[in-house]
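Read-outs throughout are calculated quantities, based only on the coordinates presented, and are distinct from any laboratory measurement. Source: prediction; values computed, not measured. Here Cβ is always computed from backbone atoms with ideal geometry, including for glycine, and neighbour counts include all displayed protein chains.
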Amino acid sequence: MTNLPIDIIRSVLGVINVVDPFIGMKPSSLSFASMAFQFLVFVVDVVIFAYLLQFFRKAKNDSLYYFHILLWLMSCIYAFALLISGWFQQIEEMNVRMMAAANICLFFSFLILYFKNVNSDKYLWRISCFFFVFLVAYNLKDADDYLKNKSKIEPQMVKFKDKKYLYNNEKHVETITSYQILGIDKVFYYKHTNKQKGTIKENIVGTLNPKIKWLMNDSVQDKSKVLYTSQIKFD
């Protein structure tokens with residue numbers, strides 16, 4: 001497996017992110033900026049975990065103590081089982097989509113304890129509203145392009161219905177966006193993760209077929225079971 005130490009670090013950070021109900025992490029690249037952002041999210045996760053821990057300690061005095069234990073066990077077992085499974089299957093790094101089930105268990109336990117021990121929910125409500133609006137706006141920013149691309153890919157999925165794995169073999173095909181600063185003769189270039197051809201195809205195929213497994217490396221022996229992004233056409 002390529003970039004083995006980095007892959008492990010990214011997956012571990014993805015598992016730790018399970019404690020964060022607000023900022024979901026999906027590793028995008030091995031660039032310094034991407035890794036720096038992931039560690040920044042990790043710091044936020046640690047702060048949130050310390051806050052959650054204050055309430056989890058109060059569970060001992062709660063009538064639903066064993067129910068909370070059940071939720072925590074379910075979350076931990078799921079998260080680490082998925083991490084180990086991902087290691088052997090070489091599927092995508094642990095991220096918000098894959099960790100959603102574990103996150104729901106933890107946060108459900110937290111909400112029960114929170115409303116039993118805190119009189120006001122205004123701060124939690126404000127934070128939730130902020131991230132709801134932010135994440136909706138973020139995900140809708142390219143809605144038009146997404147729908148156009150989806151309409152092109154969806155009819156092709158019929159012939160790929162037997163594929164079990166998805167691999168982006170177009171990582172070498174880069175789309176670079178240029179920005180010109182007004183007032184000065186200066187242009188800078190940036191590679192947007194969500195603008196890359198292979199990544200766009202991965203995301204759309206993932207929504208059309210949620211059961212398909214994303215591969216980090218082209219490691220499956222039976223290639224007939226793998227859907228390569230280059231097989232999907234935009235034109």
Which order, highest average first, do 104-116, 65-77, 7-19 follow once you tally other Cβ atoms within 10 Å for each residue and take the mean per peptide? 7-19, 104-116, 65-77
If the limit is 32 Å between Cα atoms, which of K211/K233; K122/K201; K116/K213; K197/K223; K195/K225 go over it? K122/K201; K116/K213
May I ask you to give the average projected area over all directions of the convex hull of the Cα atoms of the stretch 107-178, in nm² rounded to one decimal? 9.4
Name the chymotrypsin sites (Phe, Trp or Tyr not before Pro) in the stretch 196-235 that are in a loop by DSSP and that have at most 16 other C-beta atoms within 10 Å, would you? F234
Under the 7 Å Cα-to-Cβ spin-label approximation, T207 and R126 lie apart by a distance in nanometres of 3.3
